[in-house]
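J.: Next up is a structure, given as structure tokens.
The values are calculated or read from the model by the stated rules, or taken from the named source; none is laboratory data. Everything numeric here is computed off the predicted structure, so don't read it as measured data. Positions of Cβ are generated from backbone atoms using ideal geometry, with glycine treated the same way; all protein chains shown enter the neighbour counts. Note: areas computed on protein heavy atoms with side chains; ligands, DNA, RNA excluded. Shrake-Rupley method; radii C 1.70, N 1.55, O 1.52, S 1.80 Å.
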Amino acid sequence: MSKTSVPPITRTHDNVFWFDGAQQGRLLIQRCADCATLRHPPGPACPACRSFEWDTMESSRRGTLHSFTVIHHPQDPAFTYPLAVGLIDLAEGTRLVADIEGVEPGDLQLGMELEVVFGAHAHDETLPRLRPVPAAATPSEPDGITA
Ligand SMILES: [Zn+2]
């Protein structure tokens, strides 16, 4: 197997909290400490009030598919192809771009519910991934009942 061409993540003062959260399996959203506006990707100042004061909140990790693309080439050993990459509207109102797993690209539909999970990435890093929300077993479906 050839070596990945994916560069290591560049951690900055503004984004280190986000990558550290991902490493711990937590999806954090930057929040303005003055006006509470949420923002992603992380940045130094609030786009709404220009404040430099911020904290974070933890996302519910649920959202709906806003857009996606399916990548076939060029291929890198760090990924499997075809590679679906989605943009989701998180329940909190910010958006997130991540690889999609657990669904055939041809079955992706805009508006479908997705959840954010975390998985290993190149360079021993951990990044969010998107996958369909597992269907809950319903009482009306006998095969769906588990003892
Ligand atoms: Zn603000």
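J.: Could you look through segment 45-66, keep only residues that are in a loop (DSSP other than H, G, I, E, B) and more than 16 Å from the ligand (Cβ to nearest atom), and pick out the one that is least open to solvent (accessible area, probe 1.4 Å)?
T.: Among residues in segment 45-66 that are in a loop (DSSP other than H, G, I, E, B) and more than 16 Å from the ligand (Cβ to nearest atom), the one least open to solvent (accessible area, probe 1.4 Å) is Ser59.
J.: Of (1) surrounded by fewer than 16 Cβ atoms within 10 Å (Cβ to Cβ); (2) acidic (Asp, Glu); (3) in contact (Cβ under 8 Å) with a residue 12 or more places away in the chain, Glu104 satisfies all except one. Which?
T.: With (1) surrounded by fewer than 16 Cβ atoms within 10 Å (Cβ to Cβ); (2) acidic (Asp, Glu); (3) in contact (Cβ under 8 Å) with a residue 12 or more places away in the chain applied to Glu104, the lone miss is (3).
J.: Please enumerate the residues belonging to segment 3-16 that are open to solvent by 30 Å² or more (accessible area, probe 1.4 Å) and either of a type outside the set (Val, Ile, Thr) or without any contact (Cβ under 8 Å) to a residue 12 or more places away in the chain (or both).
T.: Lys3, Ser5, Pro7, Pro8, Thr10, Arg11, Thr12, His13, Asp14, Val16
J.: Can we say Arg31 is basic (Lys, Arg), within 16 Å of the ligand (Cβ to nearest atom) and without any contact (Cβ under 8 Å) to a residue 12 or more places away in the chain?
T.: It is false that Arg31 is basic (Lys, Arg), within 16 Å of the ligand (Cβ to nearest atom) and without any contact (Cβ under 8 Å) to a residue 12 or more places away in the chain.
J.: Across segment 21-30, which residue is farthest from the chain's Cα centre (by Cα) among those that are surrounded by fewer than 18 Cβ atoms within 10 Å (Cβ to Cβ) and within 19 Å of Ser60 (Cβ to Cβ)? Steps first, please.
T.: Within segment 21-30, the subset surrounded by fewer than 18 Cβ atoms within 10 Å (Cβ to Cβ) is 23-26.
Applying the additional criterion that residues be within 19 Å of Ser60 (Cβ to Cβ) yields 24-26.
Values: Gln24: 14, Gly25: 11, Arg26: 10 Å.
Out of the qualifying residues, it is Gln24.
J.: Yes or no: segment 99-110 includes at least one residue that is touching a Gly at 6+ places or on another chain (Cβ under 8 Å) and either over 25 Å from Gly21 (Cβ atoms) or modelled with pLDDT under 95 (or both).
T.: The answer is yes; a qualifying residue exists.
J.: Another question, if that's okay. Select, from Pro132, Pro42, the only residue that is surrounded by 13 or more Cβ atoms within 10 Å (Cβ to Cβ), modelled with pLDDT of 95 or more, of a type outside the set (Phe, Trp, Tyr) and within 13 Å of the chain's Cα centre (by Cα).
T.: After ruling out the rest, the residue left standing is Pro132.
J.: Consider only pairs whose beta carbons are under 8 Å apart and that are at least six residues apart or on different chains; among these, list those whose first residue lies in segment 43-70 and is on the phi > 0 side of the Ramachandran plot and whose second residue is outside any strand (DSSP E or B) and open to solvent by less than 70 Å² (accessible area, probe 1.4 Å).
T.: Hits for this filter: Arg61/Leu27.
J.: Still on this structure, I have one more. Quick check, is Leu90 under 30 Å from Ala136 (Cβ atoms), more than 16 Å from the ligand (Cβ to nearest atom) and at pLDDT 95 or above?
T.: Values: under 30 Å from Ala136 (Cβ atoms): yes; more than 16 Å from the ligand (Cβ to nearest atom): yes; at pLDDT 95 or above: yes.
In short, yes.
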